[in-house]
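Colleague: Got a structure for you, written out below as structure tokens; questions coming shortly.
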């Protein structure tokens with residue numbers, strides 16, 4: 001189950017764009033990697049946006065330098081086993097449970113004081 005509101009403005013033909021203050025929320029979500037379930041019973045709330053700018057001012061990952069946003073996660077975790085000897089990342093689960101709780105805020109791509117993530 002999810003809901004969200006996203007606002008976007010773009011001037012055509014190479015013009016600037018802006019992502020208005022947007023928000024999404026999911027309840028009872030699942031996160032997996034390569035078919036391995038990592039998190040379930042997950043509640044996620046996120047807000048995000050970036051200011052009016054031209055693409056060459058913040059191309060690709062440089063958008064993080066202008067991004068403002070917040071992320072809250074509360075989820076049940078499965079035990080995770082990561083094989084570091086493999087040539088490619090190999091992830092599997094193990095029969096234990098934990099909890100992920102995160103409350104993270106970014107301003108212009110910088111992690112803000114008070115942000116925290118605890119996975120135990």
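The values are calculated or read from the model by the stated rules, or taken from the named source; none is laboratory data. Computed from a predicted model, the values in this text were never measured in an experiment. Virtual Cβ from ideal backbone geometry, glycine too; neighbours counted across all protein chains shown.
Colleague: Within the range 1-51, which strands (runs of 3 or more DSSP E) (wholly inside it) include 3 or more residues that are closer than 18 Å to residue 105 by Cα and more than 15 Å from the chain's Cα centre (by Cα)?
Modeller: Qualifying strands (runs of 3 or more DSSP E): 17-33.
Colleague: Let me ask another. Kindly establish whether residue 113 is out of contact with any strand residue (DSSP E or B) (no Cβ under 7 Å at 6 or more places or on another chain), exposed (fewer than 11 other Cβ atoms within 10 Å of the Cβ) and modelled with pLDDT of 95 or more.
Modeller: yes
Colleague: OK, next. Going by the conditions given, is residue 92 without any contact (Cβ under 8 Å) to a residue 24 or more places away in the chain and more than 26 Å from residue 24 (Cα to Cα)?
Modeller: Criteria not met by residue 92.
Colleague: Report, ordered by the first and then the second residue, all pairs with beta carbons closer than 8 Å, sequence separation of six or more or different chains, a first member in the range 20-36 that is on the phi > 0 side of the Ramachandran plot, and a second member that is at pLDDT 95 or above and surrounded by fewer than 13 Cβ atoms within 10 Å (Cβ to Cβ).
Modeller: Listed by first residue and then by second, the contacts come to nothing, as the list is empty.
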